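Below you'll find the structure, written out as structure tokens, and then a few comments.
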Amino acid sequence: MVLRQELEKYLQQLFRYEDYDDHCLNGLQIEGRQNIGKIAFAVSYNRLSVDEALHAGADALIVHHGIFGRNFFSLTGYERDKVKTLLDADMSLFGIHLPLDAHRELGNNAQLAACICADIIEPFEVGFLVRNTAKLDLDAILRTFHEKLGTDGDPEITPSGIVPGKRYGMDYCAFGPAVPEIIACMSGGAGSYYEHALKLGADTYITGEIREQIPAIAYESRTNFINIGHYWSEKAGILALKAHLEKTFDIETEFININNRI
């Protein structure tokens with residue numbers, strides 16, 4: 001059991017919310033009961049994760065994508081219904097956005113690097129430049145993410161010209177070295193940072209989205225690009241936080257997997 005105020009303070013100290021100019025309030029977003037014996041974890045706050053947390057008997061739900069927006073308040077329609085469900089159940093909601101991307105041990109990007117046994121060189125925005133210490137080739141990197149993050153086992157699409165290939169549900173452009181050396185990891189919707197990463201010396205970029213111009217950039221720069229998918233690229237951090245809090249407090253935990261290939 002942990003007190004809500006104790007958990008709130010611990011998370012604030014762990015993630016240092018004040019260091020980030022975010023699109024949301026990080027931390028406790030909806031206040032529930034004081035005593036927390038079970039915490040549910042999910043990538044995103046939505047009706048599905050709320051209902052599953054309620055079904056699991058959770059006292060609190062911790063997510064990466066919580067309630068977004070700042071300097072306004074509006075509670076109507078389906079947003080009102082979700083919040084009412086939490087309030088009726090006396091269940092707290094915690095949302096941790098950019099701080100959970102950037103944390104050097106528990107963050108999404110640190111965990112993506114850990115998945116492929118890469119060593120962090122330096123921070124890059126809320127991600128990291130990392131060294132491919134394990135010398136994994138591109139196929140091994142894709143296979144490892146598939147095995148550790150549970151990406152789809154869809155039929156493979158073979159790349160053609162600059163048309164990206166697809167393997168294990170992930171888009172990829174393979175115009176760089178077969179065995180990457182310097183990789184930039186930036187989870188979620190961070191496709192726009194690709195060229196910035198190249199200027200810093202990355203030969204491979206791993207993120208959670210792909211944009212129309214990216215295959216051409218990969219071809220012209222002779223680099224690799226991997227789109228894990230927004231959801232899959234931001235699953236690792238919330239799982240790491242779940243494991244961390246299990247060791248820190250005397251609580252039950254449950255991960256809610258609302259699989260989403262986007």
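The values are calculated or read from the model by the stated rules, or taken from the named source; none is laboratory data. Values in this document were obtained by computation on a predicted structure and should not be read as measured data. Here the Cβ positions follow ideal geometry from the backbone for every residue, glycine too, while neighbour counts run over all protein chains shown.
When the criteria are applied in full, Glu79 fails the requirement of being at pLDDT 95 or above and surrounded by fewer than 23 Cβ atoms within 10 Å (Cβ to Cβ). Can Thr223 be described as among the polar types (S, T, N, Q) and touching a helix residue (DSSP H, G or I) at 6+ places or on another chain (Cβ under 9 Å)? Taking the combined requirement at face value, the residue satisfies it.
Of the residues making up segment 1-20, those that are under 18 Å from the mean Cα position of the chain (by Cα) and either over 21 Å from Ala89 (Cβ atoms) or without any contact (Cβ under 8 Å) to a residue 24 or more places away in the chain (or both) number 5.
This table checks each residue for (1) surrounded by 19 or more Cβ atoms within 10 Å (Cβ to Cβ); (2) in a loop (DSSP other than H, G, I, E, B); (3) in the same structural domain as Asp139 (by TED's automatic domain parsing).
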position: Cys185; (1), (2), (3): yes, no, yes
position: Glu195; (1), (2), (3): no, no, yes
position: Gly201; (1), (2), (3): no, yes, yes
position: Glu212; (1), (2), (3): no, yes, yes
position: Ala216; (1), (2), (3): no, no, yes
position: Asn260; (1), (2), (3): no, yes, no
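Consider segment 44-66 and keep the residues that are surrounded by fewer than 18 Cβ atoms within 10 Å (Cβ to Cβ) and touching a helix residue (DSSP H, G or I) at 6+ places or on another chain (Cβ under 7 Å). The one that is nearest to Arg33 (Cα to Cα) is Leu54.
Listed by first and then second residue, the pairs linking a residue in segment 105-134 that is at positive phi to a residue that is surrounded by fewer than 24 Cβ atoms within 10 Å (Cβ to Cβ), with Cβ atoms under 7 Å apart and 6 or more places separating them unless they lie on different chains, are Cys117/Thr133; Cys117/Ala134; Glu125/Tyr193. Residue count for segment 156-180 satisfying the condition of being under 24 Å from the mean Cα position of the chain (by Cα) and part of a strand (DSSP E or B): 8.
The residues in segment 218-229 that are touching a Ser or Thr at 6+ places or on another chain (Cβ under 8 Å) and either part of a helix (DSSP H, G or I) or closer than 14 Å to Ser187 by Cα (or both) can be counted, and the count is 5.
To keep it simple, each residue is scored yes or no on (1) in a loop (DSSP other than H, G, I, E, B); (2) over 17 Å from Cys185 (Cβ atoms); (3) over 21 Å from the mean Cα position of the chain (by Cα).
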| site | (1), (2), (3) |
| --- | --- |
| Ile121 | no, no, no |
| Asp139 | no, yes, yes |
| Thr151 | yes, no, no |
| Asp154 | yes, yes, yes |
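Of all residues in segment 147-187, those satisfying the criterion of being touching a Ser or Thr at 6+ places or on another chain (Cβ under 6 Å) and within 16 Å of Ala110 (Cα to Cα) are Ile183, Met186, Ser187. Taking segment 89-98 as the range and being within 17 Å of Lys38 (Cα to Cα) and outside any loop (DSSP other than H, G, I, E, B) as the test, the residues that pass are Ala89, Ser92, Leu93, Phe94, Gly95. The numbered conditions (1) more than 17 Å from Ala114 (Cα to Cα); (2) out of contact with any Cys (no Cβ under 8 Å at 6 or more places or on another chain) are all true for Thr204 except (1). Looking only at residues of segment 88-115 that are of a type in the set (A, V, I, L, M, F, W, C) and surrounded by fewer than 21 Cβ atoms within 10 Å (Cβ to Cβ), we find that the one that is farthest from Tyr20 (Cα to Cα) is Ala89. Check segment 113-125 and report whether any residue there is out of contact with any Asp or Glu (no Cβ under 8 Å at 6 or more places or on another chain) and either modelled with pLDDT under 95 or aromatic (Phe, Trp, Tyr) (or both). Among the residues of segment 113-125, at least one is out of contact with any Asp or Glu (no Cβ under 8 Å at 6 or more places or on another chain) and either modelled with pLDDT under 95 or aromatic (Phe, Trp, Tyr) (or both), which makes the answer yes. For segment 228-258, a residue qualifies if it is polar (S, T, N, Q) and surrounded by 14 or more Cβ atoms within 10 Å (Cβ to Cβ), and the qualifying residues are Ser233, Thr253, Asn257.
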